[in-house]
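To start, the structure under review is shown below, and the notes come after it.
Nothing in this text is a laboratory measurement; each read-out follows from the coordinates by a stated rule. None of these values were measured; they are calculated from a predicted model. Backbone-built Cβ (ideal geometry, glycine too); neighbour counts: all protein chains shown.
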Amino acid sequence: MPAQAASVRAGDPKRRVLKDVFGFDDFRPGQADVMDALLAGRHVLAVMPTGAGKSLCYQVPALVLGGLTIVVSPLVALMQDQVAALRLAGVAADTINSSIDRDANIAAWRRVASGQTRLLYLAPERLMTERMLDALARLEISLIAVDEAHCISQWGPAFRREYEDLSRLRGIFPNVPIIALTATADESTRTDIEARLFAERVETLVLGFDRPNIKLAIEAKQDSKRQLLRFVERHPGRSGIVYCLSRKKTEEMAAFLERNGVTALAYHAGMSKEARDANQNSFMTLSGVVMVATIAFGMGIDKPDVAYVFHTDMPGSLEAYYQEIGRAGRDGRDAEAHMLFGLGDIRMRRMFIDDEDAPAEHKRRSHGRLDTLIGYCETAQCRRQVLLGYFGEEAQPCGNCDTCLDQAPRADGGAEARIILAAIAQSGERFGAGHVIDILLGHETEKILARSHQRLASFGSGLAHKKDFWLSLIRQLVVGGFLMPDPAGHGGLAIAEKGHALGRGEMPFHYRVEVRSRALRGKTRSGQDLGQADVDTGLLAALKALRLRLAKERQVPAYVVFSDRTLIDMAERCPHDLDAFAEVNGVGAAKLKEFGQVFLAAIAAHQSGGSA
């Protein structure tokens, strides 16, 4: 058998390199197909799960082809780690970057120019300078690899403007095969990469997204510090990554774990490079260390024994979530991905999107991606089915997520789902969730009246439930494949074939029953519709007076600030913080930001006995 294997390697240069240089006996699924396409001179977009061996897909062909391979990478630390690993494997690799002193960069270029270097790692902004491009044009370039290729797409989870210029590569090096690699690209992101980098002349290989050894779970956020500590204490002596939304929270959580006997380190972009490097080195080399970090940490981190990834706050998209949880369980052992999910997360993510300096279309798509992630959090389906389905991959219930393990309370939602489907069908399958809910709740908005949708049979058919219920159900129908969002990103909803079957009563639909603590719900009383009868009339009068003053300051009608319905809801709930204020009917991200504190102050003043 060994003689036969040697014979195979002798007749297949890529297998010989795989064994002789990297020490592997065989390729992982999909690797050989990617390499064969490159060695035949074709461009390739390779979408592979985290930990599937993407780097070998260009490193092996680079050594088979000879000449120089250019590798585009977004992070200096990632480049340096890969160069160090290749050098340890006996491969002549170099990087030229801003973190290295001038003499070292000059020495590296001399090795490149003399033909010694096989792989040169560059950041996109350095590669695309005219000086670098002119110098490289005089060399024998055999292959170009673009790592973390989702960064080139404006629809990807980590768009970087410096990646945009890479679209020029195919024209500058017309006879050089280019490979783009990513673990996080849904269909729209793949299409965008194909168009931008390859002008659609590319062989796209999607090699699966499943990481079956990672248990997926979502937990309602209540006391995030205590919830984190309970989780970490279930994994004594194991390494893990804890993601937080802010730098401040990162440091607070790390300190909290340390006070409770857990070896924890912080990592965020506000720290000095020396401190970040020291903490990363400790995490990579020691066992049982918990890294508490913002998303600044993680890209290119290949520590095989990470036992869990814990999100104290919701990520920005399902792609970002998939990329981040993929840092767990790379050794094939059982691992966990645990997320805390709360109303404040949604509020903050909406604000981030609305405050972004980006075109309206980009913001619409970002809100749509966030809605999909929220639907994933709310779903009663197998989480792995939903996650893989988002990337276009079918799966059976996994038995390794909280919903499969019967930790999620469910209810039969077939009747309510058919009410939604009827409203969407009757309005022409062109409108988004907000408009559909206005139909269900009988709201005579300007948009409803302009299209005569108040005459639809479904108008007012959803009065038995409130807006939040219908919104959650619509999100769960989308992630369940019953509804299809408009692929152009305009927010419209259409009924999928699965949805038509549900409408005919041919298949069931169960939704996740939201269990939310009273602290998150303010003072809402179960089973009562919002109305003015039981509202504190003195508080309502104070809120109306405040609304009028704010409206006059802005020279707008009072209802533009908040409607009467919103003020009534506000007076009934009596929110005490921004999270609870975000629950008030009619409070969006922008109004929450502009008016939240002033209305909270008015409510607090009234409750303390003042009439101001």
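Structure data summary
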quantity	calculated
Dipole of the chain [Lys/Arg +1, Asp/Glu -1 at C-beta], most positive-end residue of Ile568, Ile193, Gly428	Ile568
Rounded to 5, the percent of DSSP beta bridges in the chain classed as antiparallel	10
Helix-only [θ]222 nm of the chain, DSSP H runs n ≥ 4, -39500 (n - 2.57) each, per residue, nearest 500	-13500 deg cm²/dmol
Segment Asp305-Ile172, extension gain: residue separation times 0.36 nm, minus the distance between their alpha carbons	43.7 nm
Relative contact order for the chain, counting Cα pairs under 8 Å that sit 6 or more residues apart, in percent	10
In order through region 470-482: 3J(HN,Hα) via Karplus (6.51 cos²θ - 1.76 cosθ + 1.60), integer Hz, x for Gly, Pro	5, 5, 4, 5, 4, 4, 5, 5, 5, 5, x, x, 7
Separation of the Ala137 and Gln454 label points, Cα + 7 Å toward Cβ, nm	6.6
In nm, spacing of pseudo-spin labels at Gln396 and Val76 (7 Å Cα→C-beta vector)	5.0
Simple spin-label estimate for Arg28 and Thr263 in nanometres, 7 Å along Cα-Cβ	2.7
Dipole magnitude of the chain, debye to nearest 20 (Cβ charges: Lys/Arg +1, Asp/Glu -1, about Cα centre)	480
Cα long-axis angle, helix 187-198 against the chain (0 to 90 degrees, to the nearest 10)	40
Residue among Met253, Ala180, Val64 farthest towards the positive dipole end of the chain, charges placed on Cβ	Met253
Set Lys466/Lys544; Lys225/Lys593; Lys447/Lys467; Lys215/Lys248; Lys447/Lys498; Lys544/Lys591 screened for pairs whose C-alpha atoms are more than 20 Å apart	Lys466/Lys544; Lys225/Lys593; Lys215/Lys248; Lys447/Lys498
Cα centroid separation, region 404-461 to region 182-205 (Å)	35
Folded to 0 to 90 degrees: helix 102-113 orientation relative to the chain principal axis, Cα	60
0 to 90° range, to nearest 10: angle between helix 589-607 axis and the chain longest Cα axis	40
Equivalent-ellipsoid semi-axes of region 48-198, from the Cα gyration tensor, Å, largest first	24, 17, 15
Gain upon complete extension [Arg160, Glu444; 0.36 nm per residue less C-alpha separation]	98.0 nm
Potential lengthening between Glu594 and Asp277 on full extension [0.36 nm per residue; Cα-Cα distance subtracted]	110.2 nm
Amide H partners (placed H, <5 Å) of Leu45, local residues excluded	Ala180, Glu203, Thr204, Leu205
Per-residue ³J(HN,Hα) for region 334-351, Karplus 6.51 cos²θ - 1.76 cosθ + 1.60, θ = phi - 60°, Hz, x for Gly and Pro	4, 9, 10, 10, 10, 10, 8, 10, x, 5, x, 4, 4, 4, 5, 5, 4, 4
Listed peptides 69-77, 28-36 by packing density, highest first (mean Cβ within 10 Å)	69-77, 28-36
Other-chain or far-sequence residues with amide H under 5 Å of His510's (modelled H)	Gly413
